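Below: the structure, in structure tokens.
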Amino acid sequence: MNTKLSLNKAQLQLIAVIAMVTDHLAWAFVDFWSPLGQIMHIIGRLTIPIMCFFIAEGYKNTSDRRKYFERLAAFAVVSIIPFYLFFHEEYGYRQNMIFDHTLSLLILIVLERRTLKKWQKAVLVTLLFAVSILIGGWPVTPALFTLAFYYGRTFKEKAKWFIIINVVTFFAVSAMAFARDSVYFAMVNWTWYDRAYLLGFMLALPVLYLYNGERGKAIFGRRFLYGFYPAHFLILAFIKYMTAGDADLYTVYLWFHIICLLIVFAMLIGVLKARAGRMQLAVVMFLIFEGVYILGFVAQLLSSDVETLYMLAAVQYFGELFMLIAFLVVASECGRIRIPLFIYIAHTLAAFALIYTILISPQNGFFYSDIIVTYLEGHIKPEYIHETGYTLSVVFIGVVVAEIFFIMVNSLINGTKIEKRRMEMLFATLMYIWIPYAITLTGITRGYEIPGLGVVCAAMILTVCFYRYGALDLVSAASVNALEKAEEGVLIIDDRLVVTFSNSLAETIVGRKGLISANAKKYPAIKKILARELTEIERDGRVYEVRVDEIKHTSYIQGYTIWFIDATKHKEQLDESEFKANHDALTGIYNRRHFEELVDREIENGNLGALVISDMDNFKAVNDTFGHNRGDKVLTDYADILKAFPEDILFPCRIGGDEFMFYIKNMTDPSEVSKLVEDVMERFRHKFRKDEIMCTLSIGIVINEDPGNLKDFKTLYREADKKLYTAKEKGKNTYIL
């Protein structure tokens, strides 16, 4: 039994998470200069090297480096506000650790890009290092660690460069400490010996040495670390604030809506990454406008200027009205009920008109006659005096909600099982949007409006509906899995002719990589396939039959599925069957039936030529003396002689037994025909020059030389056969023309 201690990727990532939380707990609640604080910070140094190691490993092993970079960059953006809320006193404008790792990955991408010249790489890498120095949380060091782990060929070599970088970092930071915080990135008045905790990076080496190269089973999911990073900052910042002794209900209320905004943003990124088609776009629209709505509401809580409040009210209404229009799009997609375009245009124009009336209300008082700045528990709370424009906005909202309810009721009555489940979830979504307003009216919230609660719950339900019952429901996900592994090439194109799915075989056949989200009209092959002009494609020696199926729901075409079916074996079998049907089994040249068709085709096309019939002299003696195997060899030898001539000169056939024919194309001069026939006879005679029995040919020839009166095959055959008989009577090894 192997008892050697080892760690897999999941275990190393868990160690990194624990070390990171330990470090940040120390920053939040423990004196930096205390022994406990130093120990916790030293433990925290484990995180960065482990993450750098897996950035390098991820770049080597990922199947899609572009998606890998996009994913990392997205988490870096998501982490900006949580990082600032927790660290702003110490780091100011500098960015988070995932931003540092995104820069490291970008540097690797530049260095490994073959299309870039050396000077271009040098310029780009210098610029990226400059960005790291200017705004990186840990300037330069994470990028250097990543490069050491990527380019080191052995663990010993990786460790050597890692140690060198660590020591240089320690002395460089110690030297900069003399310049205090005017130069160094942290706003802490450290002395040079406080840098000793940076050597805690070294602790990562023995941990990484135990890495066994296995992925392991992730306890919380493969990307837990990236999602946990911003989330734990929010939690720690909240705890830090609440335990500071100066928190009040209003501040908690404000924080709650900021967190709601971040949750909506996180869901937006998740849905965007799904790339699932029209329903996905509708949900994305809903989440974007929902985010605008919350943003406008939060900004109002922080503003006291009346003119600014008018503008922020317009922002909030922009989010609210277009959120409802987006919800109408979601409902129509879920219920598969097409809403006429003019209705969307009318709603959009009406929404912009209402927003415009808010902006001009300070002059005419159409939407709000006034905004009064009041105070609730010492904090600003604007009171809006509603007028005609507000009433019209309520009517507009009522109309859109009525349309949504119509779609819901229709789908609940007439829809499929999955459409009914979608509508149940959409109904819950709609209710959650308005429930917070009902709660506020009861007085339970002490005058605080809580729209964030409703819109976030609505966003969560809608996102779950999208994943479970939309384009990514379990059946669809299983289908995609099966299609990716299928032996057929598959392309799925929506009704806008955008490719929504393509497996690797389809991309190979079409000759284009990365087809998903591409416009099918840009690819001539796909365009011809959809027009039914291309039904067969040859690629890499294989033949694929192309089939197009319409994706329909009732009479509504939602898209197309293009199948590329490997017909190579079937075509080979057909070709083989066709060959057998048209060729003589022993000699491989044409049989009489097919030969007759070819000659008739030549005659129908008005082509002149000569028909030659031959019979072997002494063939029976060959069979009787040497056996049938030798006789078969005589037949195949003669066939090989005839096949040696290009088919644009002559094409041959075996009538049966030792009788053969061939047709000489586009040749009517008797001397030329005689010369060619004599060449054939001489080649055949040469085959038997050493044999005891000389096998020769007797031949009859008919030339089809009158363009105005071409003889058909039967006539040619009858006349040539008579001449063959005459040649036989004259003593063999001769021809009659």
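The values are calculated or read from the model by the stated rules, or taken from the named source; none is laboratory data. What you are looking at is a predicted structure, and each value in this text was computed from that prediction instead of being measured. Cβ: placed from backbone, ideal geometry, glycine included. Neighbour counts: every protein chain shown. The accessibility values were calculated without ligands, DNA or RNA, using every heavy atom of the protein model including side chains. Shrake-Rupley method; radii C 1.70, N 1.55, O 1.52, S 1.80 Å.
Taking segment 8-35 as the range and being more than 18 Å from Ile98 (Cβ to Cβ) and open to solvent by 50 Å² or more (accessible area, probe 1.4 Å) as the test, the residues that pass are Gln11, Leu25, Phe29, Asp31, Trp33, Pro35. Count of segment 708-737 residues, restricted to those that are in contact (Cβ under 8 Å) with a residue 12 or more places away in the chain and among the charged types (D, E, K, R), is 8. As a summary of the residue check, Ala531 satisfies the conditions (1) in contact with a strand residue (DSSP E or B) (Cβ under 7 Å, 6 or more places away or on another chain); (2) exposed (fewer than 10 other Cβ atoms within 10 Å of the Cβ); (3) of a type in the set (A, V, I, L, M) except for the one numbered (1).
Do you know which residues across segment 575-591 are open to solvent by less than 80 Å² (accessible area, probe 1.4 Å) and either in contact with a Lys or Arg (Cβ under 9 Å, 6 or more places away or on another chain) or not in a helix (DSSP H, G or I) (or both)? Please lay out each step first, then the result.
Keep residues of segment 575-591 that are open to solvent by less than 80 Å² (accessible area, probe 1.4 Å), which gives 575, 577, 581-584, 586-591.
Of everything in segment 575-591, those that are open to solvent by less than 80 Å² (accessible area, probe 1.4 Å) and either in contact with a Lys or Arg (Cβ under 9 Å, 6 or more places away or on another chain) or not in a helix (DSSP H, G or I) (or both) turn out to be Ala581, Asn582, His583, Asp584, Leu586, Thr587, Gly588, Ile589, Tyr590, Asn591.
Would you check if Cys334 is in contact with a Gly (Cβ under 8 Å, 6 or more places away or on another chain), modelled with pLDDT under 85 and closer than 15 Å to Met460 by Cα? In short, no.
Which residue pairs have Cβ atoms under 7 Å apart, sit 6 or more places apart or on different chains, and have a first residue in segment 36-53 that is more than 19 Å from Leu14 (Cβ to Cβ) and a second that is of a type outside the set (Asp, Glu) and open to solvent by 10 Å² or more (accessible area, probe 1.4 Å)? Partner pairs satisfying both residue conditions: Leu36/Val30; Gly37/Val30. Scanning segment 650-693 for residues that are part of a loop (DSSP other than H, G, I, E, B) and surrounded by fewer than 13 Cβ atoms within 10 Å (Cβ to Cβ), we see that the one that is nearest to the chain's Cα centre (by Cα) is Asn666.
Here is a yes/no grid of residues against (1) part of a helix (DSSP H, G or I); (2) without any contact (Cβ under 8 Å) to a residue 12 or more places away in the chain:
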site: Arg593; (1), (2): yes, yes
site: Asn607; (1), (2): no, no
site: Val634; (1), (2): yes, no
site: Ile641; (1), (2): yes, no
site: Pro646; (1), (2): no, yes
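Could you identify the single residue in Ile355, Ile371 that is in contact (Cβ under 8 Å) with a residue 40 or more places away in the chain, on the phi < 0 side of the Ramachandran plot, surrounded by 16 or more Cβ atoms within 10 Å (Cβ to Cβ) and out of contact with any Pro (no Cβ under 8 Å at 6 or more places or on another chain)?
Working: Ile371 fails: out of contact with any Pro (no Cβ under 8 Å at 6 or more places or on another chain).
Result of the check over Ile355, Ile371: Ile355.
Considering the conditions (1) outside any helix (DSSP H, G or I); (2) open to solvent by 70 Å² or more (accessible area, probe 1.4 Å); (3) modelled with pLDDT of 80 or more, Met187 is excluded by exactly one of them, (3).
Can you confirm whether Asn618 is open to solvent by 70 Å² or more (accessible area, probe 1.4 Å) and either hydrophobic (A, V, I, L, M, F, W, C) or modelled with pLDDT under 90 (or both)? The answer is no for Asn618.
Screening His88 on (1) at pLDDT 80 or above; (2) surrounded by fewer than 19 Cβ atoms within 10 Å (Cβ to Cβ); (3) not charged (D, E, K, R) shows it passes everything except condition (1).
Would you check if Glu705 is at negative phi, open to solvent by 30 Å² or more (accessible area, probe 1.4 Å) and either touching a residue at least 24 places away in the same chain (Cβ under 8 Å) or in contact with a Phe, Trp or Tyr (Cβ under 9 Å, 6 or more places away or on another chain) (or both)? Spell out how you get there, then give the answer.
Values: at negative phi: yes; open to solvent by 30 Å² or more (accessible area, probe 1.4 Å): yes; either touching a residue at least 24 places away in the same chain (Cβ under 8 Å) or in contact with a Phe, Trp or Tyr (Cβ under 9 Å, 6 or more places away or on another chain) (or both): yes.
In short, yes.
Selection of segment 326-347 for residues being within 15 Å of Phe406 (Cβ to Cβ), hydrophobic (A, V, I, L, M, F, W, C), open to solvent by 10 Å² or more (accessible area, probe 1.4 Å) and in a helix (DSSP H, G or I) yields Val329, Ile343.
For Thr126, the conditions (1) at pLDDT below 85; (2) within 21 Å of Ala172 (Cα to Cα) are fulfilled apart from (1).
The single condition from (1) over 41 Å from the mean Cα position of the chain (by Cα); (2) open to solvent by less than 30 Å² (accessible area, probe 1.4 Å); (3) modelled with pLDDT of 70 or more; (4) not acidic (Asp, Glu) that Lys240 fails is (2).
Considering only residues that are touching a Leu at 6+ places or on another chain (Cβ under 8 Å) and over 23 Å from Phe75 (Cα atoms), which ones fall in segment 259-297? Correct list: Gly296 only.
When segment 338-396 is filtered for residues that are under 14 Å from Val306 (Cα atoms) and among the hydrophobic types (A, V, I, L, M, F, W, C), the ones remaining, listed by number, are Ile358, Leu359, Ile360, Ile371, Ile372, Val373, Ile380, Ile385. Scoring Phe626 on the criteria (1) out of contact with any Asp or Glu (no Cβ under 9 Å at 6 or more places or on another chain); (2) open to solvent by 20 Å² or more (accessible area, probe 1.4 Å) leaves a single failure, condition (1).
What number of residues within segment 504-520 satisfy the criterion of being over 18 Å from Lys273 (Cα atoms), crowded, with 19+ Cβ neighbours inside 10 Å and of a type outside the set (Gly, Ala, Ser)? Break it down into steps so the answer makes sense when it comes.
Step one: of segment 504-520, the residues over 18 Å from Lys273 (Cα atoms) are 504-513, 519-520.
From what's left, crowded, with 19+ Cβ neighbours inside 10 Å: 505-506, 509-510, 520.
Still in the running and of a type outside the set (Gly, Ala, Ser): 505, 509-510.
Of the residues in that region, 3 qualify.
Rundown of residues vs (1) more than 20 Å from Ile80 (Cα to Cα); (2) under 36 Å from the mean Cα position of the chain (by Cα); (3) among the hydroxyl-bearing types (Ser, Thr, Tyr), yes/no style:
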| residue | (1), (2), (3) |
| --- | --- |
| Gly270 | no, yes, no |
| Ala282 | yes, yes, no |
| Gly291 | no, yes, no |
| Ile294 | no, yes, no |
| Ala299 | no, no, no |
| Val306 | yes, no, no |
| Ala331 | yes, yes, no |
| Gly335 | yes, yes, no |
| Phe342 | yes, yes, no |
